[in-house]
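Presented below is the structure to which this report refers.
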Amino acid sequence: MRLGEIGMDSAAFEASLEAAAARAGDLTPLVYDRLFARHPGLKAEFWRDSRGAIQGEMLARVFETLIDLAGPRVMADHYITTEITTHDAYGIARGHFTEFFAIVGETVAAAAGPDWTPAMAAAWGEALREIDAVLAAMPGPDGSQPGLEAATILADR
Ligand code: HEM
């Protein structure tokens with residue numbers, strides 16, 4: 001059985017990170033350039049981060065989360081849920097939070113260039129779908145529960 005059939009292709013996922021690092025080195029400036037080009041308003045959110053330490057730490061945690069999600073998956077789900085709640089308090093929209101993972105994926109693909117493969121694209125697609133599912137399963141910031149309607153329908157059967 002191929003790895004891809006029993007879950008995410010973690011080998012392809014990790015190979016994408018290695019290919020990007022080999023070609024472009026530290027991806028931090030590339031990721032944040034891409035984020036701020038798309039959402040210039042988000043730059044001001046990092047007003048406390050005069051030396052870039054928070055941005056660097058944030059991205060390191062994002063890579064750690066993605067590697068866990070593609071592999072052992074022992075912390076990603078809880079960690080994403082916790083950080084979404086923390087970022088609610090920072091005033092960061094949930095859509096922006098999850099989009100950050102996609103922006104990291106785009107940066108990795110661009111940096112990997114000719115080394116980017118369809119298996120890598122599939123592994124990233126799967127990771128991003130899993131992240132969307134974690135967000136969808138969370139109660140809304142106002143305490144509403146998006147999953148409630150489906151749960152009620154099931155309970156009625
Ligand atoms: C566009 C999406 C995001 C924005 C705009 C954003 C914004 C921020 C801001 C403004 C801070 C600093 C808060 C402060 O002043 O102390 C911060 C910290 C942090 N963020 Fe994010 N965030 C995003 C996505 C994420 C994601 C996806 C993760 C991880 C899964 C994450 C993990 C963290 C962590 C760990 C810190 C604390 C870093 C430290 O202080 O050492 N963030 N984020």
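No value in this document is a laboratory result; all are computed from the given coordinates. Remember, it's a predicted structure, so these values are computed and weren't measured experimentally. Positions of Cβ are backbone-derived with ideal geometry, glycine not excepted, and every protein chain shown enters the neighbour counts.
Quick notes on this one:
- Listed by first and then second residue, the pairs with beta-carbon distance under 7 Å, at least 6 apart or on different chains, first residue in region 47-65 and under 19 Å from Val108 (Cβ atoms), second part of a helix (DSSP H, G or I) and near the ligand (Cβ under 7 Å from one of its atoms), are Gln55/Phe46; Val62/Phe100; Val62/Phe101; Thr65/Tyr79; Thr65/Ile80.
- Among the residues of region 34-48, not one is more than 16 Å from His96 (Cβ to Cβ) and surrounded by 12 or more Cβ atoms within 10 Å (Cβ to Cβ).
- Filtering region 12-40 to residues that are touching a helix residue (DSSP H, G or I) at 6+ places or on another chain (Cβ under 6 Å) and part of a loop (DSSP other than H, G, I, E, B) leaves only Leu27.
- All helices (runs of 4 or more DSSP H) inside region 43-113 with 1 or more residues being more than 16 Å from the chain's Cα centre (by Cα) and farther than 22 Å from Leu30 by Cα: 76-90
- Within the option set Arg38, Arg73, Arg61, Arg48, being more than 10 Å from the ligand (Cβ to nearest atom) and out of contact with any strand residue (DSSP E or B) (no Cβ under 6 Å at 6 or more places or on another chain) holds for one residue only, Arg73.
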